[in-house]
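Since the structure comes first, as structure tokens, the remarks are kept for the end.
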Amino acid sequence: MYIADPDNHSKFYRQDIEDGYYEGLSDYFFDRYESKISKWEDKVDNMTSKIYNPGTHPDKALQIFDKALQYLSDEALPFFEEKEEYYGSEIMKDYKSLVDSIKEDRKNFKENEYDEMLIEYNNYIAEKNKLKQIKKEVKTKIKKTNNMKRSDLMKCFAKEDAALVRRALKELTNKNIIEIYKDGSRYMIKLL
């Protein structure tokens, strides 16, 4: 036997409780609290979507899954447990399916994506460090000559680093550390 949820004013729900008709009470729960449940689901989706950000170590990704599970345990579980007396144990199956979904995603990530993501992370860090080194070298070379032709600067680096050198130049220009200007038909670089 169930008592009516004081926060649910649906006349059909109240009528079913009064009549002792308890099948489908979980439907009333989800109708009444759909936005609250969606908020939790959206928050978990938002948390787990950060797993695939560049520069996320796969161990950090596993921690994000764990944080999502902890969030549900802290926020949603007490609510589901409180409402269970009004709507029956059927609603706990839905909570469990939310948790099981995250656990399954975590397991699949660990089995199928962890190693590949670790390689990508290591490549990302290596490229980031290489870019940092190139920026340092660019500033040093320009400092020595005051003004330098862009083509001469590019020749100082290996061809496979050309994209990183251009990226370094763009970032240094955007940070107002260097200026690239046209002098006749040549592009020149100077420190600011």
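The values are calculated or read from the model by the stated rules, or taken from the named source; none is laboratory data. Predicted model, so just to flag it, every value in this text is computed and none were measured. Glycine also receives a Cβ, built like all others from the backbone with ideal geometry; neighbour counts cover every protein chain displayed. For accessibility, only protein heavy atoms count, side chains too; no ligands or nucleic acids. Shrake-Rupley method; radii C 1.70, N 1.55, O 1.52, S 1.80 Å.
The residue that is most open to solvent (accessible area, probe 1.4 Å), counting only those in the range 61-92 that are among the aromatic types (Phe, Trp, Tyr) and at pLDDT below 95, is 86. Of all the residues in the range 29-44, those that are closer than 23 Å to residue 70 by Cβ and either among the aliphatic types (A, V, I, L, M) or open to solvent by less than 50 Å² (accessible area, probe 1.4 Å) (or both) number 5. In the range 1-28, the residue that is surrounded by the fewest Cβ atoms within 10 Å (Cβ to Cβ) out of those that are without any contact (Cβ under 8 Å) to a residue 12 or more places away in the chain and in a loop (DSSP other than H, G, I, E, B) is 6. For the range 112-180, the helices (runs of 4 or more DSSP H) that sit wholly inside it and include 2 or more residues that are farther than 24 Å from residue 192 by Cβ and open to solvent by 90 Å² or more (accessible area, probe 1.4 Å) are 114-145. Could you go through the range 148-159 and let me know if any residue there is over 18 Å from residue 190 (Cβ atoms), of a type in the set (Ser, Thr, Tyr) and free of Cβ contacts under 8 Å to residues at least 40 places away in the same chain. There is no residue in the range 148-159 that is over 18 Å from residue 190 (Cβ atoms), of a type in the set (Ser, Thr, Tyr) and free of Cβ contacts under 8 Å to residues at least 40 places away in the same chain. Entry remark, the range 181-192: residues being surrounded by 14 or more Cβ atoms within 10 Å (Cβ to Cβ) and acidic (Asp, Glu) number 0 in total. Looking at the structure I just gave you, is residue 49 surrounded by fewer than 14 Cβ atoms within 10 Å (Cβ to Cβ), small (Gly, Ala, Ser) and under 12 Å from the mean Cα position of the chain (by Cα)? Yes: the conditions hold for residue 49. Taking the range 144-192 as the range and being in contact with a Phe, Trp or Tyr (Cβ under 6 Å, 6 or more places away or on another chain) and within 21 Å of residue 127 (Cα to Cα) as the test, only 165 passes.
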